[in-house]
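*Asks:* Next up is a structure, given as structure tokens.
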Amino acid sequence: YAAYLAITAYAGQMGSGYALAVLVPVLVLHSSLQHEFIHGHPTRYQWLNDLLVSPAIGLLVPYLRFKDMHLAHHHDPNLTDPYDDPESNFLDPVVWSRLPKWRQVLCNFNNTLFGRMLIGPALGLLCFYSKDMSDLVRGNRRIAFSYGNHLLGLLPICAWHLSVSTLPLWAYGIAAYVAISVLKIRTFLEHKAHERASARTVLIEDGGILSFLFLNNNYHAIHHSHPGLVWHKLPEKFHSQSEYYLRRNGGYWYKSYGQVLRLYFFTRKDPVAHPLMDRNGQQDQAVRDSEGLVT
């Protein structure tokens with residue numbers, strides 16, 4: 001928060017371009033801290049953890065919605081399921097087959113890393129807001145509370161930008177969008193479709209700037225195996241039993257984010273339609289039989 005306040009207060013002296021360049025990683029790191037605090041850090045009091053990452057200076061995603069959806073995502077037997085995993089990037093094959101051609105082209109482009117970073121934030125937010133507003137109209141009080149809490153948190157941010165900050169609100173909005181684009185590098189291939197739940201989560205053995213901004217969440221299989229393990233212990237946990245974890249996740253491993261960028265920046269990694277669901281929207285028998293297994 002100190003970095004955010006300093007950058008936005010002195011953006012005029014720094015120059016808008018430089019201010020945005022240093023603000024984006026601050027917003028990325030704030031999102032990563034939100035994720036860390038959702039999982040019980042740095043205190044044992046969840047209400048205090050929640051308070052420490054409020055308001056959401058990333059602007060675009062209410063923290064409590066992120067929290068609820070992410071905790072639901074951690075039910076590993078549902079990983080990648082288009083309906084039961086709120087963070088899945090797959091579609092039901094039936095839904096996919098009914099999309100107009102232009103939307104299929106758009107979705108296929110979104111399944112390249114370049115597309116995910118360029119249009120992924122817009123598509124993701126559009127689907128996210130649309131689903132939330134639909135549930136809100138149906139009377140979902142938890143969602144109403146989450147958005148109300150988020151709007152209250154935006155009041156001091158708006159007051160700061162209107163009274164003190166030298167960074168225009170439109171420029172701040174651009175920074176918030178670009179921060180989500182950077183986060184899309186992390187989420188792009190965190191999970192894949194696989195018969196075994198334990199083999200659906202990636203390990204990226206990276207230790208560079210992106211790994212820091214993502215708070216080592218590139219060791220994602222370790223995080224899903226030990227969701228309460230603090231971020232700075234994830235690499236050590238992996239290296240202490242690397243053969244076990246690589247066997248457990250089926251060898252779903254990359255050397256670095258550089259390798260990921262080289263392989264998939266312009267190339268689609270996965271199909272949009274979930275490959276393990278049949279045309280009736282049901283998972284294959286092998287998947288149903290293996291759900292919940294931890295091997």
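The values are calculated or read from the model by the stated rules, or taken from the named source; none is laboratory data. Being a predicted model, the structure only gives us computed values, none of them experimental. Positions of Cβ are backbone-derived with ideal geometry, glycine not excepted, and every protein chain shown enters the neighbour counts. SASA here: full protein model, heavy atoms, side chains in, ligands and nucleic acids out. Shrake-Rupley method; radii C 1.70, N 1.55, O 1.52, S 1.80 Å.
*Asks:* Does any residue in the range 189-215 that is more than 16 Å from LYS255 (Cα to Cα) and in contact (Cβ under 8 Å) with a residue 24 or more places away in the chain come within less than 6 Å, Cβ to Cβ, of a residue that is part of a loop (DSSP other than H, G, I, E, B) and among the small types (Gly, Ala, Ser) six or more places away or on a different chain, and which pairs are these?
*Replies:* Taking only residues 6 or more apart or on different chains, the pairs are ALA199/GLY250.
*Asks:* Out of the range 150-168, which residues are open to solvent by 60 Å² or more (accessible area, probe 1.4 Å) and within 13 Å of LEU60 (Cα to Cα)?
*Replies:* LEU151, the sole residue that qualifies.
*Asks:* Has the range 147-170 got at least one residue that is in a helix (DSSP H, G or I), within 18 Å of the chain's Cα centre (by Cα) and of a type in the set (A, V, I, L, M, F, W, C)?
*Replies:* For the range 147-170, residues in a helix (DSSP H, G or I), within 18 Å of the chain's Cα centre (by Cα) and of a type in the set (A, V, I, L, M, F, W, C): absent.
*Asks:* Can you spot a residue in the range 198-215 that is over 30 Å from ARG44 (Cβ atoms) and part of a helix (DSSP H, G or I)?
*Replies:* Checked against the condition, which is being over 30 Å from ARG44 (Cβ atoms) and part of a helix (DSSP H, G or I), the range 198-215 yields at least one hit.
*Asks:* For residues that are open to solvent by less than 40 Å² (accessible area, probe 1.4 Å) and free of Cβ contacts under 8 Å to residues at least 60 places away in the same chain, scanning just the range 1-26, find the one that is farthest from GLY173 (Cα to Cα).
*Replies:* GLY15
*Asks:* Same structure, new question: Out of curiosity, is ASP68 more than 23 Å from ARG141 (Cα to Cα) and either in a loop (DSSP other than H, G, I, E, B) or in contact (Cβ under 8 Å) with a residue 40 or more places away in the chain (or both)? Quick ask: steps written out before the conclusion?
*Replies:* Numbers: more than 23 Å from ARG141 (Cα to Cα): no; either in a loop (DSSP other than H, G, I, E, B) or in contact (Cβ under 8 Å) with a residue 40 or more places away in the chain (or both): yes.
So ASP68 fails the test.
*Asks:* If only one of TYR177, TYR147, TYR172 is among the hydroxyl-bearing types (Ser, Thr, Tyr) and buried (at least 19 other Cβ atoms within 10 Å of the Cβ), which one is it?
*Replies:* Numbers: TYR177 fails: buried (at least 19 other Cβ atoms within 10 Å of the Cβ); TYR147 fails: buried (at least 19 other Cβ atoms within 10 Å of the Cβ).
That would be TYR172, the only listed residue that is among the hydroxyl-bearing types (Ser, Thr, Tyr) and buried (at least 19 other Cβ atoms within 10 Å of the Cβ).
*Asks:* Looking at LYS101, LYS131 in this structure, which one is under 21 Å from the mean Cα position of the chain (by Cα) and either of a type outside the set (Gly, Ala, Ser) or surrounded by fewer than 17 Cβ atoms within 10 Å (Cβ to Cβ) (or both)? Reasoning before the result, please.
*Replies:* Working: LYS101 fails: under 21 Å from the mean Cα position of the chain (by Cα).
The conditions single out LYS131.
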